[in-house]
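One structure is given here, and the rest of the page talks about it.
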Amino acid sequence: AYENRLILLLVSQQECPYCHLIKEEIIRPMILGGDFRDDILIRELFIDAGEKIRDFKGVEREAADFAHGYGVFVTPTLLFLEADGTELEKKMTGINTVEMYWYYLSQSIQDAISKLPEKAS
């Protein structure tokens with residue numbers, strides 16, 4: 001059931017070296033380590049020209065327009081979304097140091113998870 005999981009959405013571009021850095025140094029180890037496995041759904045959204053997405057209302061649109069709706073104009077950006085697309089936590093834009101990034105990311109994930117609707121038992 002995805003309803004009660006946080007969607008961690010990496011807004012990315014094909015030719016974005018910092019996007020690759022985040023995927024290799026942060027996202028991949030997080031997946032391999034099983035961190036937050038039961039609580040988050042990790043997805044990547046490419047906003048290169050011509051990329052399409054079906055939004056949370058089921059409407060097909062330009063991926064870049066979708067990202068702009070969340071105020072995303074720079075890649076990489078991480079969004080913390082509820083199953084209906086509601087933003088639960090402040091987005092993370094860009095990357096400075098990998099060491100500090102993981103710390104801030106894990107804090108944001110924990111804060112966003114705490115804002116999810118209670119899981120039905």
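The values are calculated or read from the model by the stated rules, or taken from the named source; none is laboratory data. Source: prediction; values computed, not measured. In this analysis, Cβ positions are derived from the backbone assuming ideal geometry, glycine residues included, and neighbour counts consider all displayed protein chains.
Miscellaneous remarks
- In the stretch 83-121, residue surrounded by the fewest Cβ atoms within 10 Å (Cβ to Cβ) [restricted to those that are small (Gly, Ala, Ser) and farther than 21 Å from residue 31 by Cα]: 121
- Matching residues in the stretch 19-47 - criterion: being in contact with a strand residue (DSSP E or B) (Cβ under 9 Å, 6 or more places away or on another chain) and closer than 12 Å to residue 75 by Cβ: 19, 20, 22, 23, 44, 45, 46, 47
- Members of the stretch 58-73 that are part of a loop (DSSP other than H, G, I, E, B), within 13 Å of the chain's Cα centre (by Cα) and of a type in the set (A, V, I, L, M, F, W, C): 72
- Of all residues in the stretch 21-38, those that are part of a helix (DSSP H, G or I) have Cβ atoms under 9 Å from Cβ atoms of residues that are surrounded by 14 or more Cβ atoms within 10 Å (Cβ to Cβ) and of a type in the set (S, T, N, Q), 6 or more apart or on another chain, in 22/12; 23/12; 30/106.
- Looking only at the stretch 49-61, and only at residues there that are surrounded by 13 or more Cβ atoms within 10 Å (Cβ to Cβ) and touching a residue at least 12 places away in the same chain (Cβ under 8 Å), the one that is nearest to residue 111 (Cα to Cα): 56
- Candidates 36, 80, 46, filtered to the one that is of a type in the set (Phe, Trp, Tyr), surrounded by 15 or more Cβ atoms within 10 Å (Cβ to Cβ) and farther than 27 Å from residue 15 by Cβ: 36
- Within the stretch 74-84, the residues that satisfy the criterion of being assigned to a loop (DSSP other than H, G, I, E, B) and either touching a residue at least 40 places away in the same chain (Cβ under 8 Å) or in contact with a helix residue (DSSP H, G or I) (Cβ under 8 Å, 6 or more places away or on another chain) (or both) are 75, 76, 82, 83.
- Here residue 36 clears all of (1) over 18 Å from residue 6 (Cβ atoms); (2) in contact with a Ser or Thr (Cβ under 9 Å, 6 or more places away or on another chain) except the condition numbered (1).
- The stretch 89-100 residues that are part of a strand (DSSP E or B), paired with ones that are charged (D, E, K, R) and at pLDDT 95 or above (beta carbon under 6 Å, 6 or more apart): 89/111
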